[in-house]
Amino acid sequence: RRPPRSTRKESSAASDVYKRQGLETVLTGIRSLYRQLTQLKFQSYLQLLSKKIRSNWQRNPNVERLRVLREDALPLRDRNINFSVKVIATKKYEEPKEKKSVDYDPFERKVCEKNYLASLSKTHALIYNKFPLVPSHVLVITKEMERQTSFINRNDFYAALKVLQAMNCFVFFNGGAAAGSSQRHKHLQAIPFDSFPNCNMPLNALVEATEENDAFVEGVKYTKVDAFKFKHVLCKFERGFMSKISCGSIEKQAKALEEIYMECQRRLGNSDLHLAYNFILTKNWFFVVLRKSEVALGVVKINGAGFTGSFAVGSEEELDFVMRQDPIQILQAVTFPA
């Protein structure tokens, strides 16, 4: 005897529910496996990128151009922190004999082929710096021509974040000639932390010594470095905000950094970028400073790296001059008073 029609319908409906639940479980498992495989691929990419940067350095055509003749520690008054001052001699080399046109772009692919390291995205590539300050000094460049004076956007931060994850480094930017920029093609720079004695960046110590009572809002906190009496903004990241960047989160983090960058410019009254500036990015904080000139005290050229606590000069005489100065006063000479 067949069961009543209503019973057969209920049985069929229950079977459909079980099938849908089973299918959803399978799909959830597939999606989870896909995310894991994608993340493994992303991590493998970062490891290969890190290995390529480090291992290729000695074969880099620019390695012979970096010669540090002397390095001294410049103490910061009233603090147990030393700035680093290096005398760097740049080896001369022959330029191509043909005259460069006004539109010559040193970051065009065919021009910088020898320095090319990797593609970071559809819009950005990684190359060695032609005139490195330290080993493994690399540049994050746009593949197509964009002006160095244009806004930094999420595509720029997306590429920079990959380098930040692949290397134990900081990223900095020179926004305009007064900030130390010498090329019109947009590029960010990355320098390993091991370029500092004991891997200790002086600016990081100053950031950690900064006292503030404000709470984090959506993972960030805007403040200032206590030791700096010039116009700047420091954005601290809450623990974990930047430390665990994954393949799935990097676009979200890049967008967040773009918003932080714009907020810092707004707080400095530079929303239209009418003033030159530098920024420095680490996994723990983002720092922006306005610039009025490139050269301090008529001697020292300061770019973004200078605010980390590292100065580079071209002769022993310049070093001796700098060693008689207070490093904060050197920075104040190229910035606007707060």
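Shown here for segment 229-338: trypsin sites (Lys or Arg not before Pro) in loop regions (DSSP other than H, G, I, E, B) with at most 10 other Cβ atoms within 10 Å, namely Arg239, Lys244, Arg324. Computed from the C-beta positions of Cys199 and Lys252, the FRET efficiency with R₀ = 25 Å rounds to 0.30. Remark: relative contact order (segment 289-338) = 52 percent; criterion is Cα-Cα distance under 8 angstrom and separation of 6 or more residues. Taking the protein heavy atoms of segment 186-338 in the context of the full set of protein chains, the accessible area attributed to carbon and sulfur is 47 percent at 1.4 Å. Annotation note: trypsin sites (Lys or Arg not before Pro) in segment 119-170 located in DSSP loop regions with a Cβ neighbour count of at most 14 within 10 Å are Lys122. Local charge for Phe216 was computed over the other residues whose Cβ lies under 12 Å away, with Lys and Arg +1 and Asp and Glu -1, and equals -1. Find, among the chymotrypsin sites (Phe, Trp or Tyr not before Pro) in segment 134-239, those assigned to loop by DSSP (not H, G, I, E, B) with at most 14 other beta-carbon atoms within 10 angstrom. Hits after loop and neighbour filter: Phe216.
Report the calculated FRET efficiency for Asp326 and Ser182 (r = Cβ-Cβ distance, R0 = 30 Å), to the nearest 0.05. Step by step, r from the Cβ atoms, then E = 0.65. Checked against a 18 Å cut-off, the cross-linked pairs Lys51/Lys122; Lys110/Lys143; Lys255/Lys283; Lys186/Lys292; Lys114/Lys162; Lys236/Lys283 give Cα-Cα distances beyond that limit for Lys51/Lys122; Lys186/Lys292; Lys114/Lys162. Under 20 Å Cα-Cα from Lys86, which aspartates and glutamates qualify once same-chain neighbours fewer than 8 residues away are excluded? Counting by Cα, and skipping residues close in sequence, Lys86 has these aspartates and glutamates nearby: Glu64, Glu71, Asp72, Asp194, Glu294, Glu316, Glu317, Glu318, Asp320, Asp326.
The values are calculated or read from the model by the stated rules, or taken from the named source; none is laboratory data. All figures in this text were calculated on a predicted structure; none of them were measured in a lab. Neighbour counts run over all protein chains shown; Cβ positions are idealised from the backbone, glycine included. With ligands, DNA and RNA removed, areas are computed over all heavy atoms of the protein, side chains included. Shrake-Rupley method; radii C 1.70, N 1.55, O 1.52, S 1.80 Å.
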